[in-house]
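S.K.: Just passing along the structure, written as C-alpha cells.
The values are calculated or read from the model by the stated rules, or taken from the named source; none is laboratory data. These numbers come from a predicted model, not from an experiment. Quick reminder, even Gly has a Cβ in these numbers, built from the backbone with ideal geometry, and neighbours come from all protein chains shown.
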Amino acid sequence: MRIGIISDIHGNYEALLASFDALEREGCEEYICLGDIVGYGPSPHECISFVRENNIRCILGNHDSYVIDGSDNWPIKGYARDAILWTRKNITEEDLEWLSSLPSKIERHGAAFLHASLDDELDKTWPYILDVNAAQRHFFFQKNMVCFFGHVHIPLLFLQEGNGEVDLELLRSCNLDPEEGEKFLINVGSIGQPRDSDRRSSAVVYDLDNHDVKLLRTEYDFEKTQSLILEAGLPAILSERLSAGR
C-alpha cells in the first residue's frame, strides 16, 4: 500500500492539482496532508474544498491556526500577516469550522504525521526543525520508527542512530531499513511554496510494504498562481518567490 504525503499547500491550487495527479499515477491509495492548507496563496477555499472532496486526511498547521484564532498577534513577517488577514475574508464559515476541527497529529500505519515538532504539542510555538539539535529534541518524544513533518518547506531526512546520535541530509528517494533502535524523521517539502531553490511542487510517496520513500517533484503552472496572487492584491513577494523556490 502506498500513501501520498503532502504538506504546506498554502492556497496554491495549481500546485495541489498537479501534485495530486502525480501521486495518483504513483498508485497511492491514501493521502495525508501535514498542515498549512491555507496562507500565502490566492486559492484557500479551492484548496480546502479539494482536500475535503478527495478524502485527504489533514493536520492543523500554524497558518491554519492563525486563520481560525481570531487575533493578529503572531510572530510572523508582515507579508505573512497580510496574507492571513486576506485569507480570513476569502474563505467560508464552513471552511473555518473545518479548519478548527483538524487534529495536531495523526498516528497511522505505525508512523506519526504532524506539522512542526513533537516537542511543541502543548505550547504551540511551531519550532522549525532545520538542524540536528532541533531534531534531537523532537526524537526524545518520537515513539514511532518514522515520523513525517512539514513546516520548513525543505525535503529533509534526519536519522537517529541507536546510540542517540542524529544525522541530517537532504531527502532523496530511499529505503528505510533501520538497524536496532534507529528512528527516522522526514520532511516532505512543500506543495505550494518550496524553499529549497527548486520551484517544483514537493511530495512523498511512502510504501508501507517495503518502507520505500520516494521524493516526488512536479512541475505546475506557477505563472498562473503568480498572476492570481497579484490580482488578489496579496503582497508581491508571495508571487516573486514562486519562480525561485525560496
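S.K.: Does Gly192 count as of a type in the set (Gly, Ala, Ser) and either surrounded by fewer than 24 Cβ atoms within 10 Å (Cβ to Cβ) or closer than 20 Å to Asp212 by Cα (or both)?
M.R.: For Gly192, the condition - of a type in the set (Gly, Ala, Ser) and either surrounded by fewer than 24 Cβ atoms within 10 Å (Cβ to Cβ) or closer than 20 Å to Asp212 by Cα (or both) - is not met.
S.K.: A further question on this structure: Show me the helices (runs of 4 or more DSSP H) found entirely inside region 1-95 where at least 3 residues are in contact with a Ser or Thr (Cβ under 6 Å, 6 or more places away or on another chain).
M.R.: Numbers: elements: 13-25, 44-53, 62-68, 78-89.
Passing ranges, in order: 13-25.
S.K.: Right, another one. Just for region 52-70: of the residues that are in contact with a helix residue (DSSP H, G or I) (Cβ under 9 Å, 6 or more places away or on another chain) and β-branched (Val, Ile, Thr), which one is surrounded by the most Cβ atoms within 10 Å (Cβ to Cβ)?
M.R.: Val67
S.K.: May I ask you to verify whether Pro127 is surrounded by 12 or more Cβ atoms within 10 Å (Cβ to Cβ) and at pLDDT below 95?
M.R.: Yes; evaluated as a whole, the condition is true for this residue.
S.K.: Okay, next question. Restricting the search to region 17-38, which residues are of a type in the set (A, V, I, L, M) and closer than 20 Å to Lys224 by Cβ?
M.R.: Selection gives Leu17, Ala18, Ala22, Ile37, Val38.
S.K.: State whether one or more residues within region 97-118 are part of a loop (DSSP other than H, G, I, E, B), surrounded by 21 or more Cβ atoms within 10 Å (Cβ to Cβ) and not polar (S, T, N, Q).
M.R.: yes
S.K.: List every residue pair whose Cβ atoms sit under 7 Å apart, with the two residues 6 or more apart in sequence or on different chains, where the first one lies in region 151-165 and is free of Cβ contacts under 8 Å to residues at least 24 places away in the same chain and the second, anywhere, is in a loop (DSSP other than H, G, I, E, B) and of a type in the set (Asp, Glu).
M.R.: Pairs found: Glu161/Glu182; Gly162/Glu179; Gly162/Glu180; Gly162/Glu182.
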